[in-house]
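First up is the structure itself, then whatever we jot down about it.
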C-alpha cells in the first residue's frame, strides 16, 4: 500500500470511530470533508459538490410544507467507497410563511445549537462509472439531524455522466427518531415523517 | 366471546405451498420505564429463560415480570445476547465491551490484548474449540484463544468491518455476515492466525443481516434487500426462499431457529414460519390484531413453548402454531360444525346442518346443498381410501359422494341400511361402521364400491332398539361400541362383551372412545366421566382429575397424551407425568360447545369440530409445549431483608419473620395461576392459594422446607416443586449446654443449702448433746460420793473446832450446789460469776486441805468484768487438779489463775497420784468442745512433768 493509501485508510478509521459519539460530529465532519477535498493524490477518485440540492416535504393532514436548499456540500471518494454530505439548516428556504420558517429554524431544528445536518459513511455497492444506466446503490452511514445520530441505509440512484456523478435520493426522516418536538397545537400541520429529497451533481476534485 | 380474524387457510395444508397461521396474542408488560423502541435484542437462553437487552440494561423474565440485572457497564447499552453453544449467557455492550451472566451477576470479560475501538458488539459465540469470537459494528471480528486476542479486519481478509452477525457452522467455521457479503473464517493453529475466505456463491444482496444454522446443516441468511435464503453446504449452492404470499421480502430483522423450524421476521410483512426449511415451504403468520405484524423486530420461543413477538410498539406472547383455531370469514352464517374429516391432501371437510363444506386453502366449497330434506342434518363424515366421502344423516341414511365427479348416491333402509338415522361413521380397513338410532351396521367397501355388503350384528341382541353413538376400532381390531343406556360393548372375533354397571360404569351412556399408545381404551360418558380400561379394571376420572369440564365432547390420543375436548376447552393429559392442562384463553377460545363427538386424526394432526371452531392440533409442535407453568422462587426475605439463597440457610432465633415471594410463569393466562404452598415443619398439608407471597411471621426454631408449585388447574399431583430448605437455630437459652449448666447450678445450690442446713442441725444437736453431757458430768462430779464424803468429813471436823466457821462452810457448800444448778443451762456466763462460784469451791477445798492447797486468782479487773466463759470451766479445771494430784504436807498443790491479752491461764504444779483416779477425760474434752462450739476458739493444753497448764481464750462479751 502506498503512502496515500495509508492516509486514506487512517481517515477511514477516524470515520469509523466517530460513530456513536454524539455532538462531536460537526467539527470532525468538517475536518473529514476538508481532508477528502484536499486529498490531491488519487484526486481522480474524489468527486465533490458545493451546490447540491436538498428539499423536504412535510405532508400533514392540515398543511403541506416544502423547503429547499441548494447549498449541499458533499464529497464521494470512490477509491475508498466513502462519502460525506453536509447542509446548513438555515439555508433551507421556502415554507408557507416567514413565521413558519422562523419556528422551523429556532423551535424545531434549534439551529443555534445544531446548525448543520450531515450524512456520512460508506457506499455498500461498488460504483461503476462506465455504466450507462442509472445504478442503485446504498449509502450506509450516520444521519445527523437535530443533534441526534441515526444509522441509516439509504438507497441512491447514481449515474456517471460526462466525468461527473449525478446522484438522486429520496428518503424519510422520522421527526421522533431525531428528537424533534412539535407542539401539539400544530401537530396536524407537520407530518411525523418528513420526506427528504437530495439531488446533486458531483465533479472530480481538481 | 371474542373471535379472531378468521382465515381460511390451515396449517394442515403442507403439501401445497402457502398457508397462514392465525395466532391469538396477548401483550406483555414491559419493564417500567422501558419502551419497545429501547429494546435492542430479545433472547431465549439455553434454559428457555427470556432476556431483554435494552438501552437501559438487561432484564430477565421471572414468572410474572421482568427483573433488572445490575450492569457493570452503566454507560453502554446491551447490544447482543447469546449463549451458543455453551450454557453461559454472553452479553455484548455498545461500547465494545462484553461479559457474561454468573449467577445473579453480570460480569465483564476482559480478553487480554483486546484493542477495543468502542464500537458496539453485535454478536458473541464460543466455537467447538472453546475459542471466543465476537463481532463489532465497525471494527471487525475478534477471536480470543490461548490467552491472546486476534483481530480480523479488512486489512487481513475480512470483507467489511461492519459485522451484523456471526454463526458457527457444523464444521466449526465462523460465518461472518457484514455489509459486504459473507466470510467464512477459521482459526489456523499452524499459522497462529485467523484466515477468512469469501462464500464462493453469488448472493442476492451484499448486506447480510442475519445468519442461523439449522440442524440439518443449512446456513440460513437474511438480507437487507435480498430476502431470505439458505446455503446448502453439501452441494455448495444457495437457494432463495420465496415469500408465501409472493410478496417481496423487506429487510430481514430476525431469523430464529426453533425445533429445526425457522421463523423469519420481515420488516415489511411481519412473521413467516418455515416448517420444512429445505423444501422452501413458508407460512405467513396473521395475528388477531393486525398491528402486531408491523415492524416486528424479533421472535423467540420460551421454555414453555410460547412464542414471544417484539415489534416496535410492544412485546407480545402467543401459544404459537401448535393449536390453530380455524374459522372462516366467508362462512357468515351461524355454523354448527358437526363432524370433520381430512382428505389425503390434508384439506378439511366439515358438515354443518345439511351442507358439506371443504375448506381448501383460500377457498371454501359447499357441496350437497339441497340433496337431503331441510329437516335432516349431516351428522358425520368420513373419507375412504378411494377419496369417496361418506356422510351420515339424521333421517335419510347415508350419502355417498365422489368429490371429483360430484356424483352422489343415497343409501337408506330401502337399500338395506338398518336405520336411516345415522349418528356416527367409523372407517377402518375398508369396513364402514354405521352407528344409528336403531342399532349398528357395518358395510364392506370394496374397490368396486357399487356393491355394498351389509352386516347388521343382530346377534348382539336387542341393539336394534338402542341408540349407538360411536364405534371405535382399536389396534387389535376389536370394535368398541358406545351405546345409549347399554354401556360399552366390545366385539372381538365375533364374541361380545358387555361393560356396564356391574363393572363400575355408573353412567351407561357412552359418547366417545379412543385408545392410547399403551393399548388402554378411554371412553367418556354423558355425565362427563372419563374411564380408562386397561384390559382388567376400569379407572374413573371426573372433572379436576385429568380434565376440567361438565361435558366431554370428544377424545383423541397421541404419544403419551390424551386429548379431552370439553365445554371448558382442550384438555391435554400427559399420562407419563400425570399432568394435565385445560387450554382455552391461551389458544384464543373461551367456551367450546358441541352436540356430538367429532374428531379426526391423521399421522400429524388431530382436528376437532365444534359449534364455532375447527381446532387443528399439530401433534409434534404440541409436544414442545409445557403442560404446566414453570415455578420460580424469586425472593426470600427474613425480617424484611433479602436472603442470599446460595449461602448456608441457617438463621438465628431472632430471624424468624419469613416472606417467600414466588411466581408461576404462564404468561398467556396469568389469572389461571394458583399455587400449592407448604412449609414443611409448620404446615400439615399443602395449601392452594392465588397469593404469590407466603408470610410466616414468627417461626420457632427447627428445620423447614418451603415448597411451592404453580398450577393452572387443581390436580392434586404436586410435583416437581420449587423448594428452599432452611433451619432456625435455637436461642442460647434453649441450647443443651445452657440448660445443662443451669441445671448443674441449681443442683449445686440445692446441695449446698441442704449441706449447710444439715451442718447447722448437726451443730445444734452437738451443742445440745455437749451441754447435756456437761450438765450430767458436773452434777455427777458434784454428787460424787467422795466429794460429799470429803466435804462432810471436813464439815464434821470444823463443827467441833469452830461452829461459826462450820456455818460458813456449809453456806459455801450450799452456794456451790445452787450456783451449779443456776448456770448449768447457760452457754456462756461472765467471768465474774465464774470467779464467785470458784471462790466457793476453793473455800470448800481450802477447808479440807488447809495450807497444802494454795489457789491464786490473779485476773485483770478488765477481764473479770468484760469477758465470758463457758460456765464451770475454771471450777472443772480446779477440780481436776485436786482430783489428780496428791495434796499433802510436803506436796503443796498450787493453782494459779491469771491472764494475758489473749488467754486465761489455769496452771497447777503436778504431784500425780500413784494410783491415778480413773478418768474418762470427759471433763477436759467437754471444755474443749464447748469453747469450739460457743466461741469458735480452741483451748490449748500444756502438759509437762512439772506443770499442767490450760490456756483458755478470752471471749469478749
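The values are calculated or read from the model by the stated rules, or taken from the named source; none is laboratory data. What you see is a predicted model; the values in this text were computed from it and never measured. When we count neighbours, we look across all protein chains shown, and the Cβ atoms used for this are built from the backbone with ideal geometry, even at glycine.
Being without any contact (Cβ under 8 Å) to a residue 40 or more places away in the chain, closer than 16 Å to residue B:174 by Cα and surrounded by fewer than 17 Cβ atoms within 10 Å (Cβ to Cβ) is true for just one of B:190, B:237, B:195. Which residue is that? Answer to the check: B:195.
Within the stretch A:123-157, the set of residues being more than 15 Å from residue A:47 (Cβ to Cβ), outside any loop (DSSP other than H, G, I, E, B) and within 11 Å of chain B (Cβ to nearest Cβ) comprises A:136, A:138, A:140, A:141, A:142, A:151, A:153, A:155.
Yes or no, residue by residue, for (1) in a strand (DSSP E or B); (2) farther than 18 Å from residue B:160 by Cβ; (3) within 14 Å of chain A (Cβ to nearest Cβ); (4) touching a strand residue (DSSP E or B) at 6+ places or on another chain (Cβ under 8 Å):
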{"position": "B:200", "(1), (2), (3), (4)": "no, no, no, no"}
{"position": "B:206", "(1), (2), (3), (4)": "no, no, yes, yes"}
{"position": "B:240", "(1), (2), (3), (4)": "yes, yes, no, yes"}
{"position": "B:243", "(1), (2), (3), (4)": "no, yes, no, yes"}
{"position": "B:249", "(1), (2), (3), (4)": "no, yes, no, yes"}
{"position": "B:253", "(1), (2), (3), (4)": "yes, yes, yes, yes"}
{"position": "B:256", "(1), (2), (3), (4)": "yes, yes, no, yes"}
{"position": "B:265", "(1), (2), (3), (4)": "yes, yes, no, yes"}
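For the stretch B:60-72, which residues satisfy the criterion of being more than 15 Å from residue B:317 (Cβ to Cβ) and either modelled with pLDDT under 85 or surrounded by 20 or more Cβ atoms within 10 Å (Cβ to Cβ) (or both)? B:70, B:71, B:72 - these are the residues of the stretch B:60-72 that are more than 15 Å from residue B:317 (Cβ to Cβ) and either modelled with pLDDT under 85 or surrounded by 20 or more Cβ atoms within 10 Å (Cβ to Cβ) (or both).
The residues in the stretch B:127-177 that are farther than 20 Å from residue B:206 by Cα, within 14 Å of chain A (Cβ to nearest Cβ) and crowded, with 22+ Cβ neighbours inside 10 Å can be counted, and the count is 0. Looking at residue A:160, is it under 20 Å from residue A:53 (Cβ atoms) and either at pLDDT below 95 or assigned to a loop (DSSP other than H, G, I, E, B) (or both)? Against the criterion (under 20 Å from residue A:53 (Cβ atoms) and either at pLDDT below 95 or assigned to a loop (DSSP other than H, G, I, E, B) (or both)), residue A:160 qualifies. Is one or more of the residues making up the stretch B:58-70 more than 27 Å from the chain's Cα centre (by Cα) and either under 24 Å from residue B:180 (Cβ atoms) or more than 14 Å from chain A (Cβ to nearest Cβ) (or both)? Taking every residue of the stretch B:58-70 in turn, none turns out to be more than 27 Å from the chain's Cα centre (by Cα) and either under 24 Å from residue B:180 (Cβ atoms) or more than 14 Å from chain A (Cβ to nearest Cβ) (or both). Only one entry of B:847, B:839, B:832 meets the criterion of being part of a helix (DSSP H, G or I) and crowded, with 20+ Cβ neighbours inside 10 Å, and that entry is B:847.
Restricting attention to the stretch A:172-181, the residues that are crowded, with 16+ Cβ neighbours inside 10 Å, within 14 Å of another protein chain (Cβ to nearest Cβ) and part of a strand (DSSP E or B) add up to 0. Of the residues in the stretch B:818-829, not one is more than 60 Å from the chain's Cα centre (by Cα), surrounded by fewer than 18 Cβ atoms within 10 Å (Cβ to Cβ) and over 25 Å from residue B:775 (Cβ atoms).
Here's a check for you: in the stretch B:208-221, which residue that is away from chain A (no Cβ under 14 Å) and part of a strand (DSSP E or B) is surrounded by the most Cβ atoms within 10 Å (Cβ to Cβ)? Per the criteria, the residue is B:221. In the set (1) over 28 Å from residue B:307 (Cβ atoms); (2) modelled with pLDDT under 90, residue B:143 fails one condition alone, (2). Anything in the stretch B:99-116 that is within 14 Å of another protein chain (Cβ to nearest Cβ) and touching a strand residue (DSSP E or B) at 6+ places or on another chain (Cβ under 7 Å)? List them, or say none. If the condition is that a residue be within 14 Å of another protein chain (Cβ to nearest Cβ) and touching a strand residue (DSSP E or B) at 6+ places or on another chain (Cβ under 7 Å), then B:115 is the only one that fits. The strands (runs of 3 or more DSSP E) found wholly in the stretch B:452-522 and carrying at least 3 residues that are over 45 Å from the mean Cα position of the chain (by Cα), on the phi < 0 side of the Ramachandran plot and buried (at least 18 other Cβ atoms within 10 Å of the Cβ) occupy B:468-473, B:479-483. None of B:33, B:96 is on the phi > 0 side of the Ramachandran plot and within 14 Å of another protein chain (Cβ to nearest Cβ) except B:96.
Residues that are in contact with a strand residue (DSSP E or B) (Cβ under 8 Å, 6 or more places away or on another chain) and under 23 Å from residue B:670 (Cβ atoms) within the stretch B:544-566 comprise B:547, B:548, B:549, B:566, listed in sequence order.
Condition check for residue B:218 on (1) modelled with pLDDT of 90 or more; (2) closer than 23 Å to residue B:257 by Cα; (3) in contact with a strand residue (DSSP E or B) (Cβ under 6 Å, 6 or more places away or on another chain): one failure, at (1).
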